[in-house]
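Have a look at the structure below before the remarks.
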Amino acid sequence: MSVSQATSHAVNVLPVLYSDLTTVERARTFWEAFEENTEVLPDKSRLLVFQQKLKGREAERWWNSSHIKTFKTLKMRFHNHFLSHTADELWERLHSTKRHKG
């Protein structure tokens with residue numbers, strides 16, 4: 001399978017991660033599927049797939065301010081941002097997102 005085909009396949013099979021609605025469990029499930037379905041791809045392609053599957057206002061702000069160039073950096077920053085939050089931090093994020101929406 002070519003890189004182009006593998007990239008298209010990953011985009012088609014991976015779910016979208018809606019950052020404004022995600023839980024730690026959903027983020028972890030997404031990440032595990034993402035790693036498994038993109039492991040044969042070069043970093044640039046992995047980052048492209050990741051960017052296409054990440055949706056939501058918070059995700060866009062996070063992605064645009066992160067300047068991620070490698071998969072290793074993506075893995076570390078994704079973990080720090082989505083997987084290492086405490087329950088209280090996630091609850092506060094949910095409430096602040098609701099306030100922004102009106």
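Laboratory data are not the source of any read-out in this text; all were calculated from the coordinates shown. Quantities reported herein were computed from a predicted structural model and do not represent experimental measurements. Cβ sites come from the backbone with ideal geometry, for glycine too, and all protein chains shown count toward neighbours.
Table for the structure above
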| item | result |
| --- | --- |
| Cβ-derived FRET efficiency at R0 25 Å, Glu92 paired with Asn64, nearest 0.05 | 0.70 |
| Sum of -39500 (n - 2.57) over DSSP H runs of 4+, divided by residues of the chain (222 nm, nearest 500) | -21000 deg cm²/dmol |
| Interatomic Cα distance distribution for the range 3-101, bins of 10 angstrom, percent | 15, 49, 29, 7, 0 |
| Folded to 0 to 90 degrees: helix 43-53 orientation relative to the chain principal axis, Cα | 50 degrees |
| Distance between modelled label sites at Ser4 and Glu36, nm, 7 Å Cα→Cβ extension | 2.8 nm |
| Within the chain: Cβ-based charge dipole about Cα centre, in debye rounded to nearest 20 (Lys, Arg +1; Asp, Glu -1) | 360 debye |
